[in-house]
Amino acid sequence: MHEDNLRYILDIVAESDIEEERWKGVTTLQLLTRSESNRTTLVESGALEVLVGVLKDPENREKSHRYAAVSIYELISGSDTRQRQVVQYGILEPLTRFLVKVEPANELQYWSLMVVHQLTACEGLHAELVRFGLVRTLAEMSRLSFGNANMPKTCLHSLVRLIVNMEDDEDVRWYLTELLDFDIVPLIATYIRSDDLELVYWTIGLMHEYAIKDQFKEMRGLCRSMNVLLAADEMYTSRLVLRTLKFMILEDASFQLQALNAGIGLRLPKCLAFKDDEVKYWALSVAHEFVQHPQWRHQFIESGAFAQVVSIGLSIMSRKPLKTETELLPAKEYISDILVMMWGSEADLDTLLETRGLTEATCVLLQMEKMTSDLSMSRLAVVLADAAKTSGYLDMESTSTNRVH
């Protein structure tokens, strides 16, 4: 790392006509980048531009390309500035060329992918990466690297980073449609069943983008796979699965029944009892869609899911709302709708009245509604009064009315 020595090494790599000398110089640089204390000096000495030059030169041997990619990865990791630099130096063309090699994945492809993964961490580069065709390249790489332990999840993570941050919905739809040409659906169907939780997580991340654009419901076995994922006690996976499921079942009675038949409704009590507010919120939003089906309401009660909804309602009304940055509606609106549908279900009224805290939660919610609007316009007040009259529970009606007033 002496200044004169480093300059000599960089000049050899950049200018020597002898391939063996260039190879030795690249090997030396790769060894130097292993030490974090050397990296700033290497960058300031121009190592990034020299190493990108190695990748761009087809006359260099594959090992030189590989060690240059490893060195670049070490030097740009965690630095937006350095990531922008290598893109300015023209790194995208050789990386794309290495990624789509026909032969089975090798170390050069792996390290090229790792460099691309670092570049996708810089949001300021996303537009340029997309323009250069990285979405298509990563999709093709996902297929070519099938069976590899690490490359598929790195591809999917990079894809999710690029697609999630696109500002134009039409662009997102176009690229998602393009991915279908690379048989991405069968890959996702396989990856979602993997034992590798990180691979599953990023697979669901990509699936979520399809779900919110309504492009993914036809995948065979999807509901069964999501049911299995919800059985695992894993917070981040549960968040993403439930959020994805919400968009897929929204206003789609047929798919709602498909999800219920797969047993997803029976997973909701555990999700609603989660300590994480995001999981609770999305479980609540899914329950809101399911409860519209009369044939499921008895199971909704028997499974304990309804009792969990009531408990969340009391907590929200008495203390604080659920903490979620991505909600479609306030949780209180979901709970109010659920109570309206449940109180309006005459067949389950006897069972309903045995649900602990239900009458209290209903009355508290009515009191809150009275503070902001005319109670005579409240659907919940109307359905509660009808339920009391229909079933002869006049004591309950009187108690409710007194508490509201």
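If you go through segment 354-364 and keep only what is among the hydrophobic types (A, V, I, L, M, F, W, C) and within 12 Å of Leu384 (Cα to Cα), you end up with Leu358, Cys363. Taking the stated definitions as given, is Arg243 in a helix (DSSP H, G or I), under 27 Å from Glu346 (Cβ atoms), at pLDDT below 90 and not assigned by TED's automatic domain parsing to the domain that holds Asp169? Here the answer is no, as Arg243 does not meet what is asked.
Apart from one condition, Met114 fits all of (1) assigned to a loop (DSSP other than H, G, I, E, B); (2) modelled with pLDDT of 90 or more; the exception is (1).
Check segment 271-286 and report whether any residue there is crowded, with 17+ Cβ neighbours inside 10 Å and more than 20 Å from the chain's Cα centre (by Cα). There is no residue in segment 271-286 that is crowded, with 17+ Cβ neighbours inside 10 Å and more than 20 Å from the chain's Cα centre (by Cα). Just one of the numbered conditions (1) modelled with pLDDT under 90; (2) outside the structural domain of Ala189 (by TED's automatic domain parsing) is not true of Glu128: (1).
Of everything in segment 7-39 that is among the hydrophobic types (A, V, I, L, M, F, W, C) and in contact (Cβ under 8 Å) with a residue 40 or more places away in the chain, the residue that is nearest to Ala68 (Cα to Cα) is Val26.
The values are calculated or read from the model by the stated rules, or taken from the named source; none is laboratory data. What you are looking at is a predicted structure, and each value in this text was computed from that prediction instead of being measured. Cβ: placed from backbone, ideal geometry, glycine included. Neighbour counts: every protein chain shown.
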